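Rule-based calculations on the coordinates, nothing more; no lab input. Fair warning: this is a prediction, and the values are worked out from it, not measured in the lab. No Cβ is skipped: glycine too gets one built from the backbone with ideal geometry, and neighbour counts run over all protein chains shown.
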Number of protein chains: 2
Amino acid sequence: MVESWSSFDTAESNFRPLVVIELAKGTKEETIEWLTKRIVDKKTDGGAQLLIKPLVMENGVENIYLVGASHLRLLLGAETVGLVKECSDNSMRAFTYSSRKTFKHFADDNHDFLTMAECQYIIKHELENLRAKNEKMIPGYPQAKLYPGKSIVRRLLTSGILVQIFPLHDREELKKLSHSWYGRVKVGYQPLDDIRCYFGETIALYFGFLEYFTFALIPMAVIGIPYYVFAWEDYDKYVMFATFNLLWSTVILEVWKRICAILTYRWGTLLMKRQFEEPRPGFHGVLGINPVTGREEPVYSSIKRQLRIYLVSLPFVCLCLYFSLYVMMIYFDLEQWVLDYHNENESNFSSLMLYMPSIIYAVVIEIMNRIYRYAAEFLTSWENHRLESSYQNHLILKVLVFNFLNCFASLFYIAFVLFDMKLLRQSLATLLITSQILNQFAESLLPYWLQKRYNRRMKKRMCSKKTDTDLSLAEQVNMEKEMGTYLGTFDDYLELFLQFGYVSLFSCVYPLAAVFAVLNNITEIYSDALKMCRVYKRPFAEPTANIGVWQLAFETMSVISVVTNCILIGMSPQVDALFPDSKMDLVLTVALVEHLLLAIKFIMAFVIPDKPRDIQTKLAKLEFESLEALKQQVRAFQMQL
Amino acid sequence: MVESWSSFDTAESNFRPLVVIELAKGTKEETIEWLTKRIVDKKTDGGAQLLIKPLVMENGVENIYLVGASHLRLLLGAETVGLVKECSDNSMRAFTYSSRKTFKHFADDNHDFLTMAECQYIIKHELENLRAKNEKMIPGYPQAKLYPGKSIVRRLLTSGILVQIFPLHDREELKKLSHSWYGRVKVGYQPLDDIRCYFGETIALYFGFLEYFTFALIPMAVIGIPYYVFAWEDYDKYVMFATFNLLWSTVILEVWKRICAILTYRWGTLLMKRQFEEPRPGFHGVLGINPVTGREEPVYSSIKRQLRIYLVSLPFVCLCLYFSLYVMMIYFDLEQWVLDYHNENESNFSSLMLYMPSIIYAVVIEIMNRIYRYAAEFLTSWENHRLESSYQNHLILKVLVFNFLNCFASLFYIAFVLFDMKLLRQSLATLLITSQILNQFAESLLPYWLQKRYNRRMKKRMCSKKTDTDLSLAEQVNMEKEMGTYLGTFDDYLELFLQFGYVSLFSCVYPLAAVFAVLNNITEIYSDALKMCRVYKRPFAEPTANIGVWQLAFETMSVISVVTNCILIGMSPQVDALFPDSKMDLVLTVALVEHLLLAIKFIMAFVIPDKPRDIQTKLAKLEFESLEALKQQVRAFQMQL
């Protein structure tokens, strides 16, 4: 059916499938014909100028299509998306087709110049930018309205005709990657550049951050062990430990920015120009004129959105926070009840029972976090944000505030209302360890089990002794389309954020927290790697230059930790003993030290440059060159006069 | 001698002098010939393609040259410097010669399309960018070395051959401007747009800030008066006053950012691309390769500079700070001595004497500030910064830290060591009022006296009854070259910064501070306006998009003021009385309130957008258009394939 290659691409004979499009079963013939025509049509005719082929399955189902593109088309696409590649002189530059010869490893017959992930990103970008011309609706589906300029793929997705689009795995590459990543037990760094080539920058940056953060915690953990072993109740020595931690946490966050700049410069995303953001798929509104683009597109009143945020979302979040505090009070009642029970009938069972409320509470917290997450997603999507970034920011804010309170409120209550350091230490340990076990289960054991099941299914399906790598294309597609979809790095960062909270907020009462965090993160690297390689569909690569709002979240947490640690140290009996005459002097000294530490923190954040000097020089060089080029242009034009 | 107009400009007959170049007396003929040739040479030959004419003075001195340019040359220059002008559709766009017809008020014969200040800025830019080609030295001065790419004008300035370059006043315009600005006593806004047209954006923005800041202080002043009149010792009511002040100071600084965006959008500088920064004139080093530009130019090791900063400048600044504290202690000894004297022999004289130490100290502080200023300038210039911006930042940091400590240390000492609120109020009032009087004298009375002297001199010189406007060009140039040079807005901002400190740091003990500040600022506007129009040479316009590091300085001050105000309120007897049982509770409450206020402050700064919505939309629209244009270009290129 689809054999009408555009003339542009006839020269190219070998079709390499890159992206899979799954249409709903029973999609009308005319819709398919229209869609495939639009996809292969020339750019001049408003098409995407890609290649598409139906995949004939063994069971005769015909709703799956493979999309590819000619080598030339991909190179032109790389220019359109603004890909930045390394030049022969080791500098990074935005790729343009006309200057292609100046790039490292470029050759007209070298099809590995663009990584597979980059090719897939380009195809995704081209598909998403396939826009309605004068179609009023999707052919065959009169209820699926279109207007000029609307992204066809997004409309197909929202109207359910398009089930999913996903990039294909490269079994060969994946095997190599997983071997070097988690295949063998080894001490060393992750192959971040290979991860980036295969999964794209967002995911590679997450793993880079996870690794960096784990290394950064090691000094804390190493110092924490002797503190725990030799000086259990010796608070005054913790003063040094806590001060070290505070400065350390500032330094690691600042240094991360520099490392992030080094990584993303190497990967080219630091220099990538921001693309103009299109409305997110779920955005709806009445047709109007967008003041920015001047195009006709759905418009939704900003006042209505503000009303929804402030009159519905905000009260709802407050209610949830109240509910979370209410559950916390129940926990304390339970704790009291267990303590009374233990005091009345002391036994092994009753002393074991002492840990039960904390464990139950930890489980309840995890459940509440997960339920709240759905509510937050629903609410934020109901707020009808126009841009994905705005949606993400509102979602992250909602989730962060709730998770923070939910996880740490009880600890704050114990520390600053009950003044019970023993209970604090116990609660902290239980919360930290339980949440880590729950997360490891959800992220490591569950995947392992899924993996097993998947292996069994595979075996059943293929009677022959085929290994993963020599599956037929149809088998591979069929298998991958059933795999789960990776929903982004949000949950992974959130987990790290809460862990950072446990470690930094109360580091001075429980120095072992860092040790647990390090141990958890090491297994986390392996389980996350396994998850990415074996459990989920390959995600589309997303270029990114930094970890975005998470940097701010971590920095805010480290500011809060300065305050809590200073108060905790001030409350310790040893420090108390230093001021036998006047409680006042103690409090004033603590307040003074806290303000000094905060001031030092801000000055350090200000003084440490965000980018290493050589990256700064390289960026300045690029800017200088582009200014010079502009000047040359102006001059050349003026000379014509 | 200089009659070789380039062919480009022969059509243009009317020469309008814009900029004056004053060479040293006795400059060699060959140097003059070379310089003028370079200035009039075509762009293609590496010249500036400007017009230059010697000014023949009555006394026959021939070291003054007038520089102008043809209308076409100025338009092309406007494109080179990236000037942003308003289009016919009211949007702001970078001016290009090819799109000139789309701009508002553009006509080929409308020579007012560019303001005179813009023309002068363009000429300054072109002159400074006149670079050595293959000259090894300035002809006639073998000791004044040159290397390819070195700015000729900067070398001429540093070697003393060029005495000064300054733009000419436009007597007609100046008269109109000064009339509408300060010529009549009126209630209303300053003519900011006219000021910007005449003096450029940096100066207009300073006056805009001064005006805005004065208006912003009025509510504080209005509330402050009844507090002062009716409730002198009634601290607890100050709690509300101080809290209001804190939030108010955050809001005004945030709102200023928005107003600044509105102003600079209208003036076009918000959209102006940053130009590549050349080394500052005073920078020296051995010839090497600049890693950014790849050009041969002086290079100075960054390590050497760091060593100079940390091993010389930092200790010196610390020493100065120590000295300042030492002087403060002498002041307190003096204060004690006067108090003892007053107690022993009470009289009118002795009670007047009570104010003497404060007044003397205020004068000493002003003197120390001014001396330190010279030392800081010398040191910063000795640190040999490559860029003007880096030089400015280091200078401002040095001066701010010292001025802050010098002005406020005694107040902090009185408040938080001596706990003497009465002395604090008295010192604050004396310091504030004395420093205002001193500044007004230096800025208003002194200029007035200079103005008088200048008028006398004028009268003597011109026997006829000529008014200012119909002076001959030679007379005008001769007069203006003798006028003082305006050294930038640094001192003016510094004065406002210290004033903001006096008002915000201790607002809760002395509500009248805001009243004095408002009164001072109103006269300040007039005296500064007089200074700009009559006392100084016209300064070159400098495009700028914001008040730069001063925004940060003011924000830091408002954070510090939260802390001091909370402590002051906590120390008041009325608040003290609310916690009769426990001093601890008081301190803890104060600390809690302080942290809450700081948190609210940061959240407010985060939530209030820096740019008003309509400016955001306009900026987004421009960005969208440039992205679309780029896409079109890429597409057009790809279609050729």
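Around B:L55, which amide H atoms from residues at least 5 apart in sequence, or from another chain, sit under 5 Å from its own amide H, with H modelled in the peptide plane?
Those qualifying (amide H under 5 Å, at least 5 residues apart or on another chain) are B:I64, B:Y65, B:L66.
What residues have an amide H closer than 5 Å to that of A:R538, excluding those fewer than 5 places away on the same chain, when H is modeled at 1.01 Å from N in the peptide plane?
A:H169
Could you work out [θ]222 nm for chain A from helices alone, using -39500 (n - 2.57) per DSSP H run of at least four and dividing by all its residues? Round to the nearest 500 deg cm²/dmol.
Working: 22 runs with 379 residues, N = 641.
The per-residue figure over chain A is -20000 deg cm²/dmol.
Which percentage, to the nearest 5, of the DSSP beta bridges contained in chain B is antiparallel? Intermediate results must be reported in sequence, preceding the final value.
Values: 25 of 26 bridges.
About 95 percent, rounded to the nearest 5.
To the nearest whole number, what is the average tally of beta carbon atoms from other chains within 10 Å of the beta carbons of peptide B:620-629?
Averaged over the peptide's residues, the number is 4.
With the cut-off at 22 Å, tell me which of the pairs B:K85/B:K273; B:K85/B:K150; A:K631/B:K42; A:K611/B:K601; A:K273/A:K304; A:K460/A:K481 have Cα atoms farther apart than that. List each step's numbers first, then the result.
Details: B:K85/B:K273 13 Å; B:K85/B:K150 31 Å; A:K631/B:K42 16 Å; A:K611/B:K601 28 Å; A:K273/A:K304 32 Å; A:K460/A:K481 18 Å.
Table pairs above 22 Å Cα-Cα are B:K85/B:K150; A:K611/B:K601; A:K273/A:K304.
Would you kindly derive the ³J(HN,Hα) couplings of segment B:251-260 from the backbone phi angles with the Karplus curve 6.51 cos²θ - 1.76 cosθ + 1.60 (θ = phi - 60°), listing them in order in whole Hz, with x for Gly and Pro?
3J(HN,Hα) across segment B:251-260, in whole Hz: 4, 5, 5, 5, 5, 4, 4, 5, 5, 4.
Quick one: dipole size for the protein assembly as shown, taken about the Cα centre, charges +1 on Lys/Arg Cβ and -1 on Asp/Glu Cβ, in debye to the nearest 20. Please list the in-between numbers first.
Working: 134 positive and 136 negative charges, 772 e Å.
The calculated dipole for the protein assembly as shown is roughly 3720 debye.
About the Cα centre of chain B, what is the dipole size in debye to 20, counting +1 per Lys and Arg Cβ and -1 per Asp and Glu Cβ, all else neutral?
Numbers: 67 positive and 68 negative charges, 404 e Å.
Roughly 1940 debye, rounded to the nearest 20.
Whats the longest run of chain A with zero chymotrypsin sites (Phe, Trp or Tyr not before Pro) that are DSSP loop and have at most 10 other Cβ atoms within 10 Å? Let's see the in-between values first.
Numbers: sites that count: A:Y189, A:W232, A:F419.
My reading of the result: A:420-641 is the longest stretch.
I'd like the mean, over residues of A:582-595, of how many other protein chain beta carbons sit within 10 Å of each residue's own Cβ.
Per residue, the number of nearby Cβ atoms from other chains is 3 on average.
So how much slack lies between B:D614 and B:E29, counting 0.36 nm per residue of separation and subtracting their Cα-Cα distance, in nm?
Net length gain for the segment: 204.9 nm.
Residue by residue through segment A:103-118, what is 3J(HN,Hα) from phi via Karplus (6.51 cos²θ - 1.76 cosθ + 1.60, θ = phi - 60°)? Round to whole Hz and write x for glycine and proline.
Each residue's phi maps through the Karplus curve to give 8, 4, 6, 7, 8, 4, 9, 8, 7, 9, 4, 8, 6, 4, 5, 5 Hz.
Take every Cα-Cα distance within segment B:19-168, group them into 5 Å bins from 0 onward, and report for each bin the whole-number percent of pairs it holds.
2, 9, 18, 20, 16, 13, 9, 7, 4, 2, 0
Using +1 on the beta carbon of Lys and Arg, -1 on that of Asp and Glu, and nothing else charged, what's the dipole of segment A:137-233 about the Cα centre, debye to 20?
The calculated dipole for segment A:137-233 is roughly 600 debye.
Under the Karplus relation 6.51 cos²θ - 1.76 cosθ + 1.60, θ = phi - 60°, what is the ordered set of whole-Hz ³J(HN,Hα) values for segment A:330-340, x standing for Gly and Pro?
So the J values, rounded to whole Hz, are 4, 4, 5, 4, 4, 4, 4, 5, 5, 4, 4.
Kirkwood hydrodynamic radius of chain A from all distinct Cα pairs, in Å?
It is 28.1 Å.
Given the protein assembly as shown, what percent of its DSSP beta bridges are antiparallel, to the nearest 5?
95 percent
Averaged over all directions, how much area does the convex hull of the C-alpha atoms of the protein assembly as shown cover when projected, in nm²?
Averaging across all directions leaves 60.3 nm² for the Cα convex hull.
From other protein chains only, count the Cβ atoms within 10 Å of every residue's Cβ in A:288-295, then give the mean.
Rounded to a whole number, the mean comes out at 4.
Just want to confirm a number: the relative contact order over chain A, from Cα pairs under 8 angstrom separated by 6+ residues, in percent. Before the final figure, lay out each step's value.
On the way: 743 pairs, mean separation 117.0, N = 641.
Relative contact order of chain A: 18 percent.
Amide H neighbours of B:V84 under 5 Å, at least 5 residues apart or on other chains, H built in the peptide plane: list them.
When sequence neighbours closer than 5 places are left aside, the close amide H contacts are B:F95.
Ignoring the sites themselves, what is the longest stretch of chain B with no trypsin sites (Lys or Arg not before Pro) in a DSSP loop and at most 16 other beta-carbon atoms within 10 Å?
It works out to B:296-464.
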